Amino acid sequence: MDGGKVTLGRTAGLYLGAAVLRLALFTLFPGLADLLTGRVEISTPVTSFKRLQEGLFLYDHNVSPYDGGVYHQAPLFLPLFSLLPSLPIFTYLLYIAVDILSAGALLKIADSGEAGSSALFTSPRREKRWSGFVIAAVFLFNPFTIATCIGRSTSVFTTCAILHAISRAVAGAPFSAMVALSFAAYLSMYPLLLLPPLLLLCYDRQLPERAIKPGMRSAATNILVVVGVLAALFQMSYLMTGSWEFLPSTYGVQLTLSDLTPNIGLWWYFFIEMFDSFRSFFLAVFWLHLSCYVGGLTIRLRRQPLVVLTLLLGIFSIFKPYPSISDASLFLAMVPLYRHVFPLMRYTFVIAAVIMYTTFLGPAFYHLWIYAGSGNANFFYAITLVWGLGQSLLVCDLTFAVLRDEWEVERPEMAGKDIRQI
Amino acid sequence: MPRLLSGALRLRRDPRMLKLPPYLSLLCILVGVVWLFLLPLDEYSRRTYISENALLPGQVHTYFGGSDQNVFRAYKHEVNSLVGKSNVEINDKLESIVKGLGLKAGRQNFTYRSAGRVYSGENLYAILQAPRGDATEAIVLVAAWENAKEELNRNGVALVLTLARYFKRWSLWSKDIIFLVTPDSIAGPQAWVDAYHDAHDSARVDSLPLKSGALQGAIAIDYAKEGRFESVHIVYDGVNGQLPNLDLINSVVSIAGGQMGMGVAIQEMWGHNDQYPDRLRTMLRGMLKQGLGLASGPHSSFIPYHVDAVTLQPFGDGWQDEMAMGRVVEGTFRSLNNLLEHLHQSFFFYLLMQRERFVSIGTYLPSAMLVAANFTIMAIALWVKSGQPEGEAEPVKMEADGIGSGETTRAPAVERDLFLPLGVVTICQFLAVIPFYLFNHAPDSMLTPAFTIFAVINTALPHSLSHLLTTYYTPSAQQYQLIKSFSLLLLGMFLSSLATLNFSLAFLVGLLTSPLTFMRPWPQSPAMRTACTVLLNAVSPTAVLVAAAFAWHLDINTVLREAAFAWDVCGMYTPVVVWCVWWPAWLAGSVTVLGRPEVGKTKQKTT
């Protein structure tokens, strides 16, 4: 009991430390927040705080927030932010609270031990793991997370919703998991692709007393919940803005990539170069590519749905239309859950070095392109390619490690041997 | 193919591979340096050429001269009568002159505070509205009342007034022309350009009452010399080593050298025979100036705003008079007036080694990148090495016939203890805030004592840190390897990013930190430890600063004051690089050298 109290105190201290650090950055460096808000690495057209303020201004003046063609975020952000008192400190506190809520969810996921032993698979290495405290600390003090929080990108809400969906699923509460996922999907759309692995996770972690046995029935119930919640959210949005205009302006923009502001993803440059006649074809190809991982990974890694969720988050942060470092921070938050397979990974140093190099070279090349005028768009795009490479190396390496872990359970005699291409 | 692959795999596990990286690093440094020294050869450098066809330099007849000589003399007389008066009185007079010419004039106050000193003054500028333009573009003609050496720029100011009167008579301008007279060469232009682009801090610099279009180019005249001159000296270094578009320099060279028949010099090379030694000297001077990143004249402040600018200084004894100088400016302005779009065709990254010979970034960048790469190579090598079991000479036991009988057993990697190395490197990085803050906020009179105290502490700091480390943590050899690995990785990363922004600075810092690659703990040999410590102290940032000040006959106070001024006013980031990139790497390297690794402490945690 005493130990529990100590842990509780430690966790509270961690949250307090993270909150104080963020608050200090907000208040001691007043220019920092606006600087980061303007960075393309943090603010994308669908998450930018500046655009949110624009939408908010229009909303407060009883004009449709989507009229200016600038605001591409969910309508329900508007009442939330217009209800906040206008002092900036309340916005800061809201973002800090959201970060800490995310960390709390992450802590629960880590402490459940789902990463090491799921319903259908138990890793022989699961003893070696980090506590939820460490994982929450890694998330809260990750510079990418801090930068996203200071830059007040609205993707923190999606991050929080996704982490809560997973944490509720792990806790055996499928209903609230589905509600959280619906919120995430409502805010950013792409989390809807996490539904299949999340259904499996919910099914695997059902509490025995409330279990719905046939898998199909359980899935159907959960899908119904998602559809119901999404329908309710859309209806509320409709009532609030008075038209269905928000659908093309939020999800339509993501689907058709009509705003080509540079970001750290791989889409914008490609579609700038594209001839218009091929545009719709390649949009379909890009979206198909993004979604095709869901089925394959879910089936291949059926025994470890949490791994599928983690890998998908990594894939989304590389291949989604408007990625930012916030998506990378979510993926990097989930990766430490697999501490037990780290020794099986082969390129950790290379990955860390690539991610660090690009973190510094990206802003330098963006500066050369936009401010100094002595570089061009290719400079920045080249670095975003390398950034994508670093992340995909991490995804591949983690997949390799997890599969190898599974394989060594099936074939104990092969443990410790090198794989060779035949 | 499989045979080749497994051969490559076997080579990867060969213990000899791990002996290679230090030599590879050394090779990288040597190739990087040799590469640089090859650049002045004919085979590696190129002749300059005008890339933007719209410029047409030297294609128009210039008419400045004749009776303008008398006008010039009159203005010179006015300027002479203002010598010794206050800034405001001077501007009152000059304003009445330019208003008399029918130009709109504006004034701007600025007050900068740096190192406990106040730099204040008032800029005066006048706008000639283009008869054929729509005020969307403008070119600037600058004359500072005092040049960078604090000499009175009498002829420069008089020439700007004369040219203002002369330009006003022409109807061919399609861009506005702004005439700017600043009280000094660095702070005044900086305040003006900042305010022109609304990027100023309104507490220190006033807004401009009058504006024109986007600036397309700027020429500054620094004509303090009395009497006739022989050649013009082009100063082109901007703040932080940014350079103007090469086309601008080429245009001036072609107008002054080709059309007017006067000599053109760069980088204070008063005589240049276009042979290898002179080219090399020019290039190295250029690199040194670029690396320091200081503002070198009134033009420097324009370049960060993507306004291409140069300063022209007449020098030498010859038969060219003020009118010839005016014709050079007239010709250059006619060329800039022709521009249809911003200068963009030619190079922004180049090293000039003679007025008509240069190397572009593709040719010279590899040398800085190689120097930066040596750190990364070593960092990767140390990471791999730290993963191998301690004390085992041959970590790999291969089976007799590798290819035939399938899998070889891998020597499992030792678990790395990352916490302590990461902590040490992080602390080193954060400590860097102290000298950076100290030297940018100390008042003028305190700079030398602060520096002396810091230098003494700096010598003792690695010893005390190392002592703390060995007493409380007893790090293993592996942890020392990791400290060095992380610190070198960071250094390599910073330097390769920096090489894209300021090549010369990255190269110089890379060379000065290159000994860090070869530093390691010497538990058995106190002599080597002492030798390495002495070597590192000789290339520490503080020692290099003192040596550089000594070499240029400056006192340390001036150097630090100038650095603080450049950081506060122009945003020169060299101090950031010195204290937050170089110094932490040096500190981590020194701690590594002094380390006494605990033998056999590495836990043989196998995975």
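The values are calculated or read from the model by the stated rules, or taken from the named source; none is laboratory data. Computed from a predicted model, the values in this text were never measured in an experiment. Every residue, glycine among them, receives a Cβ derived from its backbone with ideal geometry; neighbour counts consider all protein chains shown.
Return yes when A:Phe365 is part of a helix (DSSP H, G or I), of a type outside the set (Asp, Glu), within 11 Å of another protein chain (Cβ to nearest Cβ) and over 29 Å from A:Val46 (Cα atoms) and no when it is not.
Taking the combined requirement at face value, the residue does not satisfy it.
Scan the stretch A:396-410 and give yes if some residue there is facing another protein chain (nearest Cβ under 10 Å), out of contact with any Lys or Arg (no Cβ under 7 Å at 6 or more places or on another chain) and part of a helix (DSSP H, G or I), otherwise no.
no
Being away from chain A (no Cβ under 14 Å), among the aliphatic types (A, V, I, L, M) and in a helix (DSSP H, G or I): is that true of B:Leu508 here?
yes
Looking at A:Asp418 and the list (1) surrounded by 14 or more Cβ atoms within 10 Å (Cβ to Cβ); (2) within 14 Å of chain B (Cβ to nearest Cβ), which single condition is not satisfied?
Exception for A:Asp418: condition (1).
Being among the aliphatic types (A, V, I, L, M), touching a residue at least 60 places away in the same chain (Cβ under 8 Å), crowded, with 18+ Cβ neighbours inside 10 Å and assigned to a helix (DSSP H, G or I) is the requirement here; does A:Val253 meet it?
yes
Test A:Ile212 against the criterion of being part of a loop (DSSP other than H, G, I, E, B) and among the hydrophobic types (A, V, I, L, M, F, W, C), and give yes or no.
yes
Given the structure, is A:Tyr322 more than 11 Å from chain B (Cβ to nearest Cβ) and touching a residue at least 12 places away in the same chain (Cβ under 8 Å)?
yes
If we scan the stretch A:339-350, do we find a residue that is in contact (Cβ under 8 Å) with a residue 60 or more places away in the chain, over 30 Å from B:Ser346 (Cα atoms) and in contact with a helix residue (DSSP H, G or I) (Cβ under 7 Å, 6 or more places away or on another chain)?
Taking every residue of the stretch A:339-350 in turn, at least one turns out to be in contact (Cβ under 8 Å) with a residue 60 or more places away in the chain, over 30 Å from B:Ser346 (Cα atoms) and in contact with a helix residue (DSSP H, G or I) (Cβ under 7 Å, 6 or more places away or on another chain).
Would you point out which residue out of B:Leu141, B:Leu55 is modelled with pLDDT of 95 or more, in contact with a helix residue (DSSP H, G or I) (Cβ under 7 Å, 6 or more places away or on another chain) and surrounded by 22 or more Cβ atoms within 10 Å (Cβ to Cβ)?
Only one candidate passes the filter, namely B:Leu141.
Looking only at the stretch B:511-538, count how many residues are within 17 Å of B:Ala460 (Cβ to Cβ) and surrounded by 17 or more Cβ atoms within 10 Å (Cβ to Cβ).
Qualifying residue count, the stretch B:511-538: 4.
Of the residues B:Val456, B:Val359, B:Val425, which single one is at pLDDT 85 or above, under 30 Å from B:Leu508 (Cβ atoms) and not in a helix (DSSP H, G or I)?
B:Val359
Looking at A:Ser117, A:Ser112, A:Ser123, A:Ser153 in this structure, which one is polar (S, T, N, Q) and touching a Gly at 6+ places or on another chain (Cβ under 6 Å)?
A:Ser123
Report those helices (runs of 4 or more DSSP H) wholly inside the stretch B:519-590 carrying at least 3 residues which are without any contact (Cβ under 8 Å) to a residue 24 or more places away in the chain.
Passing ranges, in order: B:526-538, B:541-551.
From the list B:Gly102, B:Gly66, exactly one residue is in the same structural domain as B:Val253 (by TED's automatic domain parsing), loosely packed, with under 15 Cβ neighbours inside 10 Å, modelled with pLDDT under 90 and over 34 Å from the mean Cα position of the chain (by Cα). Which is it?
Step by step, each of B:Gly102, B:Gly66 is checked, and only B:Gly66 is in the same structural domain as B:Val253 (by TED's automatic domain parsing), loosely packed, with under 15 Cβ neighbours inside 10 Å, modelled with pLDDT under 90 and over 34 Å from the mean Cα position of the chain (by Cα).
Look through B:Val118, B:Val71 and report the one residue that is β-branched (Val, Ile, Thr), more than 36 Å from the chain's Cα centre (by Cα) and surrounded by fewer than 17 Cβ atoms within 10 Å (Cβ to Cβ).
B:Val71 is the lone residue from the list that is β-branched (Val, Ile, Thr), more than 36 Å from the chain's Cα centre (by Cα) and surrounded by fewer than 17 Cβ atoms within 10 Å (Cβ to Cβ).
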